[in-house]
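Q: Right, I'll just put the structure down here and ask away after.
The values are calculated or read from the model by the stated rules, or taken from the named source; none is laboratory data. Because the structure is predicted, anything quoted here is derived from the model rather than measured. Every residue, glycine among them, receives a Cβ derived from its backbone with ideal geometry; neighbour counts consider all protein chains shown.
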Amino acid sequence: MTDAALGTSASLAAAETLESPARRAWRRLIRRRGAVLGLAVIALFILLAVFAPLIVPYDPVATSWSLVRKAPSLQHWFGTDELGRDVLARIVFGARASLLAGVISVGIALAVGVPLGLLAGYRGGLIDALISRITDAMLACPFLILAIALAAFLGPSLGNAMIAIGVSATPIFIRLTRGQVMSVKVEDYVEAARAMGNPRWRIALVHILPNILPALLVQATLSIAAAIIAEAALSFLGLGQQPPAPSWGSMLNAAQRFLTSAPWMAVWPGLAIFLVVLSFNLVGDGLRDALDPKAR
Amino acid sequence: MLNFLAKRLAQLIPTLFFVSLLIFSLQHLLPGDPALVMAGEERDPAVIEQIRQQYHLDQPIPVQYAYWVKGVLMGDFGESLRNKMPVSSLIAQKLPVTMQIAGMAIVVAFLIGIPAGIISAVKMGTAWDYGANLFALWGISTPNFWLGIMLIFLFSVELGWLPASGYVPLSENWRASLAASVMPAFVLGNAIAAILMRHTRSAMLQVLESDYVRTARAKGLSERTVILKHAMRNALTPIITLGALELGTLLSGAVLTEQIFSIPGFGKLIVDAVFNRDYAVVQGVVLTTATIYITLNLIADIAYILVNPRLRG
């Protein structure tokens, strides 16, 4: 190897060590084509959801008896539904419910699960045993069945569906945080922080939490995908977004009754769910690789 | 082994206690007076009073819980408000239907997921590998209720090959039963196949890099023998236990699949119960699902120890 080549690789290595972990992860993430594609699709759906009224010329809840179940055309690109509503308008406005449900329910799961996981993993003993058994009990009830039961008892609405999905997703975050804390708390830098007399809450929040964030970020991204499917499932069953407000799940429910006469009603909402969920899965997989310390 | 079993069973007791607490407390999420909500449209004070007494709602909460647990332990999950039948009888009626579909779905998942995972690992970096990974991503990201609707459109509405809905018991007419179950089983098994494929791939990749596989190759064994006899046997052990655990996921997926294909099983039971405000049935279904899941978890743990000699002792 020439001196020049040696110099270049040495400066690259130096640049890599100077780079912040977040920047390095971002650089690795955008090298993955799947993750970039996923990010682009998510960004597109966020833009659609935010600027929905500016993008589609039709009101998503306005019915028209003269436009009932019209096939896709130049006026109505995705066709119309059983009440003459524009399917594209309902898909675009429906993105709001799906994305909100995905983010808010995972936010609830993080807000409850991470502190409990930190407490269980850091304190150990009786508190750990108690939190762990409650987590085991919740994990024993399959995710969607628990969410349906909770949504049924809370009452059908988008807000309650988000709470039900959030609560059902919480045990995953408790277990993940607890496991991560248990492996990090024996590290030298945590021992050093303890030896310096830092209080427990400070060690947990300042020294442990930032080091377990990568794992939580990956799980949160994948959980958003699962939460979007769960919201669509609850709305499909009539336990989520209530009519006439648009939701991809409830659109699929209506579409099922008109499969022979208006199949387009079933294609677009399903495709929208699939694309958003696929994108979050692609980003989650990409983040997992990008944040893996063993990866070069 | 006995020590492990004793420890594992001891862990089950608090878990089951919290499961029962969780399911019992569901009823207290109901806004307002649970007796009024359970009565639904019925406003007769005598009926409301009867519900209050039947569910011991006039007693303190710990006493209500004690009554409920006592009933559950004796197999009494309460009575369905809609069918006027014991919840346990309803569950016993519906569970075999779901088990048939779930069993077929597991077969579909193993038949697709494991070969796809093995091929993907053996042909790493080739078009086969990319294809299998794309299949896995598709399987994980496709909502099963949409897949079900699309399959009905294609195979029932357009081609007319398969019935769009309904259920025929295997014992009654096996041909009709298979025809009615093949789409729901594929819809349910598809996502599990994707998960199995990913796990099989990573387990195979790990095993293919191990010393004993290198030794087998160095001995001059054919690649086919190395993969099928040496690598696959070790890689598949954890995958089979994983497959058993996925039965819990199947029960979850069955809720929507049975709704779409109008299958009168366990999943449809909970959905109908939700809409009829038949809360005792909802609680009974969640409790049964959790018990099945916990039992499978235990069996999978024991099976894993039995097939892995290094963990015994």
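Q: Could you say whether any residue in the range B:102-111 is in contact with a Phe, Trp or Tyr (Cβ under 6 Å, 6 or more places away or on another chain) and assigned by the TED database to the domain that holds residue B:181?
A: yes
Q: Considering each of B:210, B:181, B:156 in turn, give the residue that is more than 25 Å from the chain's Cα centre (by Cα), among the hydroxyl-bearing types (Ser, Thr, Tyr), within 22 Å of residue B:268 (Cα to Cα) and assigned by the TED database to the domain that holds residue B:305.
A: B:156
Q: Being in contact with a His (Cβ under 9 Å, 6 or more places away or on another chain), loosely packed, with under 14 Cβ neighbours inside 10 Å, at pLDDT 85 or above and over 18 Å from residue B:282 (Cα atoms), is that true of even one residue in the range B:41-62?
A: yes
Q: Would you confirm whether or not the range B:260-268 contains a residue that is within 23 Å of residue B:147 (Cβ to Cβ), within 9 Å of chain A (Cβ to nearest Cβ) and either of a type outside the set (Asp, Glu) or assigned to a helix (DSSP H, G or I) (or both)?
A: yes
Q: Output the qualifying pairs, or none if there are none: Cβ atoms under 9 angstrom, residues six or more apart or on different chains, first residue in the range A:225-247 and more than 12 Å from chain B (Cβ to nearest Cβ) and hydrophobic (A, V, I, L, M, F, W, C), second residue part of a loop (DSSP other than H, G, I, E, B) and surrounded by fewer than 24 Cβ atoms within 10 Å (Cβ to Cβ).
A: Final answer for the pair search is A:245/A:60; A:245/A:61.
Q: Do you know which residues across the range A:255-273 are aliphatic (A, V, I, L, M) and surrounded by fewer than 18 Cβ atoms within 10 Å (Cβ to Cβ)?
A: Answer for the range A:255-273, where residues must be aliphatic (A, V, I, L, M) and surrounded by fewer than 18 Cβ atoms within 10 Å (Cβ to Cβ): just A:271.
Q: Within the range A:216-239, does at least one residue satisfy the condition of being farther than 13 Å from residue A:90 by Cβ, among the aliphatic types (A, V, I, L, M) and outside any helix (DSSP H, G or I)?
A: Checking the range A:216-239: at least one residue is farther than 13 Å from residue A:90 by Cβ, among the aliphatic types (A, V, I, L, M) and outside any helix (DSSP H, G or I).
Q: Take the conditions within 10 Å of chain B (Cβ to nearest Cβ) and either farther than 21 Å from residue A:78 by Cβ or buried (at least 20 other Cβ atoms within 10 Å of the Cβ) (or both) and apply them to residue A:252. Does it pass?
A: When the stated conditions are applied, residue A:252 passes them.
Q: Pick from A:86, A:59: which is out of contact with any Phe, Trp or Tyr (no Cβ under 6 Å at 6 or more places or on another chain) and either acidic (Asp, Glu) or surrounded by 13 or more Cβ atoms within 10 Å (Cβ to Cβ) (or both)?
A: Among A:86, A:59, only A:59 is out of contact with any Phe, Trp or Tyr (no Cβ under 6 Å at 6 or more places or on another chain) and either acidic (Asp, Glu) or surrounded by 13 or more Cβ atoms within 10 Å (Cβ to Cβ) (or both).
Q: Within the range B:1-27, work out how many residues are exposed (fewer than 12 other Cβ atoms within 10 Å of the Cβ) and within 10 Å of chain A (Cβ to nearest Cβ).
A: Final tally of qualifying residues: 1.
Q: Looking at (1) of a type in the set (Phe, Trp, Tyr); (2) touching a helix residue (DSSP H, G or I) at 6+ places or on another chain (Cβ under 6 Å); (3) at pLDDT below 85, which is the one condition that is false for residue B:68?
A: Against the list (1) of a type in the set (Phe, Trp, Tyr); (2) touching a helix residue (DSSP H, G or I) at 6+ places or on another chain (Cβ under 6 Å); (3) at pLDDT below 85, residue B:68 comes up short only on (3).
Q: Does any residue of the range B:18-40 turn out to be at pLDDT 85 or above and more than 23 Å from residue B:86 (Cα to Cα)?
A: Yes, the range B:18-40 has at least one match.
Q: Which of the residues that make up the range A:122-162 are under 18 Å from residue A:238 (Cα atoms) and either more than 10 Å from chain B (Cβ to nearest Cβ) or among the acidic types (Asp, Glu) (or both)?
A: Across the range A:122-162, the qualifying residues are A:157, A:158, A:159, A:161, A:162.
Residues are listed down the side, and each one gets a yes or a no for (1) of a type outside the set (Phe, Trp, Tyr); (2) under 23 Å from residue A:221 (Cβ atoms):
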site: B:108; (1), (2): yes, no
site: B:111; (1), (2): yes, no
site: B:121; (1), (2): yes, no
site: B:124; (1), (2): yes, no
site: B:128; (1), (2): no, no
site: B:131; (1), (2): yes, no
site: B:140; (1), (2): yes, yes
site: B:146; (1), (2): no, yes
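Q: Within the range A:151-164, is there a residue that is modelled with pLDDT under 90, surrounded by 24 or more Cβ atoms within 10 Å (Cβ to Cβ) and under 30 Å from residue B:286 (Cα atoms)?
A: yes
Q: Follow-up question, since we're still on this one. Would you check if there is a residue in the range A:222-235 being over 21 Å from residue A:275 (Cα atoms) and either buried (at least 22 other Cβ atoms within 10 Å of the Cβ) or touching a helix residue (DSSP H, G or I) at 6+ places or on another chain (Cβ under 6 Å) (or both)?
A: no
Q: From B:178, B:154, B:137, B:162, grab the single residue that is more than 13 Å from residue A:266 (Cβ to Cβ) and free of Cβ contacts under 8 Å to residues at least 12 places away in the same chain.
A: B:178
Q: On to the next question. Exactly one condition in (1) touching a residue at least 12 places away in the same chain (Cβ under 8 Å); (2) more than 9 Å from chain A (Cβ to nearest Cβ) is false for residue B:233; which is it?
A: Residue B:233 satisfies all of (1) touching a residue at least 12 places away in the same chain (Cβ under 8 Å); (2) more than 9 Å from chain A (Cβ to nearest Cβ) except (1).
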